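Quick notes on the structure that follows.
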Amino acid sequence: MTRQTKPRQIKLGAFLPGGGQHIAAWRHPGSPADGATNFAFHTELAQTAERGLFDAYFLADNLSVGLGGREGGNAKIAGFEPVTLFAALAPLTTHLGFIATASTTYEEPYTLARKFASLDHLSNGRAGWNVVTSAGDDTARNFNRDKQPDHADRYARAREHVDTVKALWDSWEDDAFIRDKQTGRFYDPAKVHDIDHKGAHFAVKGPLNVPRPVQGHPVVVQAGQSEDGRRLAALSAEVIFTAHQSLASAQEFYRNIKARVLAEGRVPDHVLIMPGVAPFVGRTEAEARAKYDKLNELILPEDGVALLNGLAGGTLDLRGYPLDGPLPRSAETEGMKSRQALIRQIADEHDFTIRELYQWVATARGHYTVVGSATQVADQLEEWFHNEAADGFNILPPWLPGALDDFVDLVVPELQRRGLFRTAYEGRTLRENLGLPRPQNPWTASRSSLQAAE
């Protein structure tokens, strides 16, 4: 069976912050309290994900501390910078991809392009860049600003930033380096190019001082469900992480993005949509439910309230409101608008109290939480996969390492039994395993066209 006719299979990312996803994960008796900054623990997680044949290890990132209000709890207020961590983990793995978050709001295209190109070389082609537009005034104050740029401006900068980074990755052609000791020719000057970019936000001459990445471009990943986020995804993303609470919501997003991608002249199958799923897995549903209840019992109310305030953009003052009463309204901010709306939607649809709401979002901040046996979890994934809601999933184990072990040992074999997931890696690069094409260098393509016309 050729690669082109091989049945479509689920792609899996593993979102593995060392401190765990759930706001109280670090308090779990089976989790190391210092997991966020424990390199040996991150090594264990990476190797478990590779044993489970995951496509990639994904890490979000923050550019401020966020004491008391950081998503995921206090275990995430301080940790490793993702690219640095992944450069250290790459030699300890063979096939697992590494998708690191980096900000278009506060990083310059040149420095970002060179560090991701370096990670791609160090990992032999397993790097991915999660493009984010950093929100929050606390973050802005760490970068010479008093307040965050508004939502539209952040996304306008992001579009130009991504285009500039890609141009820098292409500034060296694949065969530019000759390295001939006999002739003394180290590189071919005709195959290295200034990019001479001048735009509204950046002026970058180039070329990059790192060779073209092994994958051509590290895989470009994006997360965001606002109108601006969808527009950016359709223009440039190859993998999209998204948050949905229902099949219908996931289907609307999936169909909308695929239509936008097609309208931009891109191939819809080359843009993979991977909703976040936080699984509590047991050998029975009762066992899974007990794991869910045990973790929620560890939430400190002040942490739960701080989490809701953070997700609401810092405008939700719950002082004086009873925890067993309804969630009050809050003003929309210039922060994560789609996540603010999703939290409100969850509260309204389930008629949750403040306490019930923070217990529900404590696991995955609005991503889909599934509680059940391996069969029940696989049923949910299969339903979304076969009904235009997902090409794969970003798995958010609620606590570590136990919930990751549960998924690898119980759910992965069930997906394999159904023919929905690989039994071996297809290739050595992240692109090969995701089934994504390697971008052609535009300078090489232009030369080839000229030669063909002669």
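Remarks
- Spin-label model distance (nm) - residue 227 vs residue 78, 7 Å beyond Cα toward Cβ: 4.3 nm
- Accessible area of segment 206-249 divided out per residue, in Å², using a probe of 1.4 angstrom: 24 Å²
- Estimated from helical segments only, the mean residue ellipticity of the chain at 222 nm is -11500 deg cm²/dmol, where each DSSP H run of four or more residues counts as -39500 (n - 2.57).
- Modelled this way, with points 7 Å down the Cα-to-C-beta line, the labels at residue 417 and residue 150 are 5.5 nm from one another.
- Stretch in the chain that is longest and holds no trypsin sites (Lys or Arg not before Pro) that DSSP places in a loop and that have at most 15 other beta carbons within 10 Å: 9-140
- Among beta bridges that DSSP assigns inside the chain, antiparallel share in %, nearest 5: 15 percent
- Cα centroid separation, segment 188-205 to segment 415-454 (Å): 26 Å
- Per residue accessible area of segment 31-179, 1.4 Å probe, in Å²: 37 Å²
- Efficiency of FRET from Cβ geometry, residue 251 and residue 452, R₀ 35 Å, rounded to 0.05: 0.20
- Sulfur and carbon atoms: percent of accessible area, the chain [1.4 Å]: 51 percent
- Long pairs among 11/291; 11/198; 115/294; 115/291, criterion Cα-Cα beyond 30 Å: 11/198; 115/294; 115/291
- Per residue solvent-accessible surface (Å²) - segment 316-443, probe of 1.4 Å: 41 Å²
- Crossing angle, helix 374-386 versus the chain [Cα axis fit, 0-90 degrees, rounded to tens]: 50 degrees
- Shape of segment 261-410 from the C-alpha gyration tensor: oblate (a/c of 1.5 or more and a/b not above b/c, with a ≥ b ≥ c the square roots of its eigenvalues).
- Checking every one of the chymotrypsin sites (Phe, Trp or Tyr not before Pro) in segment 119-191 against DSSP loop status and a limit of 14 other Cβ atoms within 10 Å picks out 143.
- Restricting the GluC sites (Glu not before Pro) of segment 225-330 to loop positions (DSSP other than H, G, I, E, B) with no more than 16 neighbouring Cβ atoms within 10 Å leaves 264, 297.
- Positive-pole candidate from 23, 267, 410, dipole of the chain, charges at beta carbon: 267
- Global form of segment 137-269, assessed from the alpha-carbon gyration tensor, a/c cut-off 1.5: oblate
- Considering only the Cα atoms of segment 321-433, their convex hull presents on average a projected area of 9.9 nm².
- Relative to the Cα centre, the charge distribution of the chain, modelled as +1 at Lys and Arg Cβ and -1 at Asp and Glu Cβ, gives a dipole magnitude of about 900 debye.
- Pair residue 143, residue 111: separation of 7 Å Cα→Cβ label points (nm): 1.0 nm
The values are calculated or read from the model by the stated rules, or taken from the named source; none is laboratory data. In this text the structure is predicted, and so the values were computed from the model without any measurement. When we count neighbours, we look across all protein chains shown, and the Cβ atoms used for this are built from the backbone with ideal geometry, even at glycine. Surface areas here come from the heavy atoms of the whole protein model, side chains and all, with no ligands, DNA or RNA. Shrake-Rupley method; radii C 1.70, N 1.55, O 1.52, S 1.80 Å.
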